[in-house]
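The values are calculated or read from the model by the stated rules, or taken from the named source; none is laboratory data. Just so you know, these numbers come straight off a predicted model, no measurement behind them. Because the Cβ atoms are built from the backbone with ideal geometry, glycine has one as well, and the counts that use them run over all protein chains shown.
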């Protein structure tokens, strides 16, 4: 019985995290059921020996989990902090679990990208359906609809369309899908999501285009123009304002919160105030938000210097390794890796402005994508042909 559970997890179960973002758009309860099904399935299927791969990386991961757990001892409400840690730790298991599975099964890149493309399509359809319903009912759409899952998964949907056998269909379908998604986000007044989807598509284009870095730099030079367009509707609020107020209007009042992070550093510099507990301290006692809308500031305040150091060390090791490999792999492999790299870049932008380090996008999906990319870009796999499970 357990062998069947193990075999099925290694074949299809390990890909369940791909559908969690789409289910978040449909409802938090559905997302919880889907994720904890994956979590329990992984516990039943995997054995301790499966996690002996990549010992240095596993050591860094274990250090991060331990330091974040130690921060719970600093919390005003330890039970609440422990619950927050458990959920975060369960999400981050996607990193060692995915590496364990792919160390024993060969990665089917096309199949995995198609599954993520399907997940992106589901997230987009759910976003558009709920957008239409709330618009019909006259609700405040900016507060009731979240298109973030669609935004950071869009590179996979674009890649899936581009990879269609019918070139003519992909040529007209790709711009249509992108336009519909962008118009939907504009209608929902989702500025952060627009920046996230733009980042993902820009990085993907830079990796897949022969122009490469030129595309990236042109897009970067166009950024000030985009920022100016973003400020135009708010111009009346800016007249006669000081610089801080201008930054607040442009960043939807994030600038004041970010400044407050340095004005009120955590009482315990090494371990912070406990996971999920930044909301109980200044500057959040006077503003109706629960976090800094920036994963670096959230980690620093809640897990201290030690937590920030181990997280940055782990991410630096993973992203640094991938960037070095991307420089030397073939153009074909770089093209296949493009949606994964683009989605990671989009999630990092989202985590810097909105979703934090404990979110589904950052703790689950990004670590899952980093694990897949680490396997995909291994030198021995650079044969220009996708391998199969």
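Yes/no matrix, rows are residues, columns are (1) within 30 Å of residue 332 (Cβ to Cβ); (2) surrounded by 18 or more Cβ atoms within 10 Å (Cβ to Cβ); (3) at pLDDT 75 or above:
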| site | (1), (2), (3) |
| --- | --- |
| 203 | yes, yes, yes |
| 208 | yes, yes, yes |
| 227 | no, no, no |
| 248 | no, yes, no |
| 257 | no, yes, yes |
| 261 | no, yes, yes |
| 269 | no, no, yes |
| 291 | no, yes, yes |
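Taken over region 63-79, residues that are under 26 Å from residue 98 (Cα atoms) and exposed (fewer than 14 other Cβ atoms within 10 Å of the Cβ) amount to 1. Looking at 112, 98, just one residue is under 18 Å from residue 375 (Cβ atoms), modelled with pLDDT of 95 or more and surrounded by 13 or more Cβ atoms within 10 Å (Cβ to Cβ), and that residue is 98. In region 293-307, the residues that are on the phi > 0 side of the Ramachandran plot and touching a residue at least 60 places away in the same chain (Cβ under 8 Å) form Cβ pairs under 9 Å with partners that are assigned to a helix (DSSP H, G or I) and crowded, with 24+ Cβ neighbours inside 10 Å, at six or more places apart or across chains, as follows: 304/71. Among the residues that make up region 314-324, is at least one of them over 30 Å from residue 107 (Cβ atoms) and exposed (fewer than 15 other Cβ atoms within 10 Å of the Cβ)? No: region 314-324 contains no residue that is over 30 Å from residue 107 (Cβ atoms) and exposed (fewer than 15 other Cβ atoms within 10 Å of the Cβ). Counting only helices (runs of 4 or more DSSP H) wholly contained in region 260-378, the ones carrying 3 or more residues that are under 18 Å from residue 71 (Cα atoms) occupy 295-328. Screening residue 363 with (1) buried (at least 16 other Cβ atoms within 10 Å of the Cβ); (2) under 21 Å from residue 202 (Cα atoms) gives one miss only, at (2).
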